[in-house]
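Note sheet for the following structure.
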Amino acid sequence: MQAFLDALAREFPADFSSKDPTELATYGKDWTKVFSPAPSLLVRPRTTDEVSRFLKLASDHGLPVVPSGGRTGLAGGAVAAKGEIVLSLERMRAIHAVDPLALTVHVEAGAITEAVHHACAEHGLFWPVDFASKGSSQVGGNIATNAGGVRVIRYGLTRQWVLGLTVVTMAGERMELNGALEKNNTGVDLRQLFIGSEGILGVITEATLKLTRQPGKVDVFLFALDSLQGVLKLFEEARRGPFTMMAYEFFTEACSRRLEKHRGLRPPFEKLPSHCVLLEVEDAKPGALDGWLASLFERGLVLDGTLAADVGQQKALWALREGISESLSATGLPHKNDIALPVAKLSVFCGELETLLASRYPDWELCLFGHIGDGNLHVNIMKPEEMSKEDFFARTHDVDRDMFGLVRSHKGSVSAEHGIGLLKKEWLEYTRSPMEIDLMRHLKAALDPKGLLNPGKVL
């Protein structure tokens, strides 16, 4: 290790690395609360060249490295718990000029998601990867995890909005993948191997992002409903509504109560409903929209509802949804899961899930929320105050087993948008076949034969 540190001091700036205990504790973890951070060193390069030279040096000395973005993941994918070196991309935040003709922007991996949104908005353009953590998440992490978010139903996942990548392998080799090409039909699209690979194959340092026009006139509604089945029925109606659906989010009364306790926010209804739905739509046809809304109330599909009158009210309604995850963690210890089902299977699955949780875990507080429209549910179980943390995680392991069994029976995914990381390795086979997992292992061996890059994650 000393020979490595000596080389590091010779070849890189004085502020390139840190052993400060506070920084190591901060950069060695993500939003997962299960694992304790224990990195040996933190490095913060400023260029792709520095990333390349550092990874080659670490590889030559056989030292494991954990890539780190905004660390907002919930699967332990950015955790350094066994003395690894953390490679933070936070200093690589350049956002280059937006190309309004090509509808692209080239950014470095450490660029903050919200900063990219602001840069594109100046040109009337939009990078439609959006979620509650946009103020701290980084583009490189978004791409490495193929992040989803609140508007997947309209725009799809991150991989649909990445034209090209610059990737550095553990050996320090730099690859330029696809550049800014819209069309490139020359063999296997290697770019897609790295999108969603959770940093086990290479470190993404730069990206050319694909942009689209800003949405047209947007309306935001909040509806009160009496059941999860009601949420699904309203979704069916929204699919046929006189508008383009941008987002369809739901959350339960338990989420509302935690949100009010932490942030003083609550849905604008006299009585908290058992379920709320936030619906965002684009280019609604006024006459037809009035009829559609009237029909919802006439048929008893919703208990109450409100329409945001201006941008300020839209932000206030969105704050109800986007503040949930933070509020759960601030008011207790949640065991978090994000699962995905084929949309056609949602109704049957949700009924089975409610029955399972009510029969086997009747005394546990459940906070459910999610995107619904893309089949994604967030299942949060809150630790009872009297239960120890150790007992709680032991019990939730059984919950996971039972719930993932249901997910597998409906050909769903045990991780919709946060990846596998450390937390869900045990359950990967519930979603991926033995052949798929074997192929992943071969890809890992080909690109990182020493197994030093984000070791122990996914596989």
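The values are calculated or read from the model by the stated rules, or taken from the named source; none is laboratory data. Here the structure is a predicted model, which is why all the values come from computation and not from measurement. As a convention, Cβ positions derive from the backbone with ideal geometry for all residues, glycine included, and neighbour counts pool all protein chains shown.
Here are some notes:
- Only one entry of GLU426, GLU354, GLU417 meets the criterion of being outside the structural domain of TRP31 (by TED's automatic domain parsing) and over 20 Å from LEU74 (Cβ atoms), and that entry is GLU354.
- Tally of residues being among the basic types (Lys, Arg), modelled with pLDDT under 95 and touching a Phe, Trp or Tyr at 6+ places or on another chain (Cβ under 9 Å) across region 19-76: 2
- Note on region 120-129: residues that are out of contact with any strand residue (DSSP E or B) (no Cβ under 7 Å at 6 or more places or on another chain) and surrounded by 21 or more Cβ atoms within 10 Å (Cβ to Cβ) total 1.
- Considering (1) crowded, with 20+ Cβ neighbours inside 10 Å; (2) under 30 Å from GLU236 (Cβ atoms), the lone condition that LYS424 does not fulfil carries the number (2).
- Residue count for region 379-402 satisfying the condition of being closer than 22 Å to PHE35 by Cα and part of a helix (DSSP H, G or I): 13.
- Residue under evaluation SER295, criteria (1) of a type in the set (Gly, Ala, Ser); (2) touching an Asp or Glu at 6+ places or on another chain (Cβ under 7 Å); (3) surrounded by fewer than 17 Cβ atoms within 10 Å (Cβ to Cβ), criterion not met: (2)
- Here ASP338 meets each of (1) without any contact (Cβ under 8 Å) to a residue 40 or more places away in the chain; (2) of a type outside the set (S, T, N, Q); (3) closer than 19 Å to ALA75 by Cα; (4) not in a helix (DSSP H, G or I) with one exception, condition (1).
- Positions within region 127-139 being within 17 Å of TYR155 (Cα to Cα) and assigned to a loop (DSSP other than H, G, I, E, B), in sequence order: TRP127, PRO128, VAL129, ASP130, PHE131
- Top-ranked residue of region 1-33 - restricted to ones that are of a type in the set (Gly, Ala, Ser) and under 33 Å from the mean Cα position of the chain (by Cα), ranked as surrounded by the most Cβ atoms within 10 Å (Cβ to Cβ): GLY28
- Failed criterion for VAL302 (all others in (1) crowded, with 19+ Cβ neighbours inside 10 Å; (2) under 30 Å from ARG213 (Cβ atoms) hold): (2)
- Counted residues, region 251-272 - those being touching a strand residue (DSSP E or B) at 6+ places or on another chain (Cβ under 6 Å) and either farther than 16 Å from PHE235 by Cβ or free of Cβ contacts under 8 Å to residues at least 24 places away in the same chain (or both): 5
- Scanning region 407-415 turns up no residue that is more than 22 Å from PRO342 (Cα to Cα) and either aliphatic (A, V, I, L, M) or free of Cβ contacts under 8 Å to residues at least 24 places away in the same chain (or both).
- Looking across region 346-378, the residues that are closer than 24 Å to ALA247 by Cβ and part of a strand (DSSP E or B) come down to LEU366, CYS367, LEU368, PHE369, GLY370, ASN376, LEU377, HIS378.
So that you can scan it fast, the table gives a plain yes or no per residue for (1) closer than 23 Å to SER329 by Cβ; (2) in contact with a His (Cβ under 8 Å, 6 or more places away or on another chain):
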| position | (1), (2) |
| --- | --- |
| TYR248 | no, yes |
| ALA254 | yes, no |
| VAL281 | no, no |
| ALA284 | no, no |
| ASP304 | no, no |
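- Looking across THR166, THR158, one residue alone is among the hydroxyl-bearing types (Ser, Thr, Tyr), over 18 Å from the mean Cα position of the chain (by Cα) and at negative phi. It is THR166.
- Matching residues in region 96-126 - criterion: being in contact with a Lys or Arg (Cβ under 8 Å, 6 or more places away or on another chain) and part of a loop (DSSP other than H, G, I, E, B): LEU103, GLY110, ALA111, GLY124
- Residues being over 24 Å from the mean Cα position of the chain (by Cα) and either crowded, with 16+ Cβ neighbours inside 10 Å or within 14 Å of ARG321 (Cβ to Cβ) (or both) - total across region 273-285: 3
- Residues that are among the small types (Gly, Ala, Ser) and either at pLDDT 90 or above or exposed (fewer than 14 other Cβ atoms within 10 Å of the Cβ) (or both), drawn from region 348-399: GLY351, ALA358, SER359, SER388, ALA394
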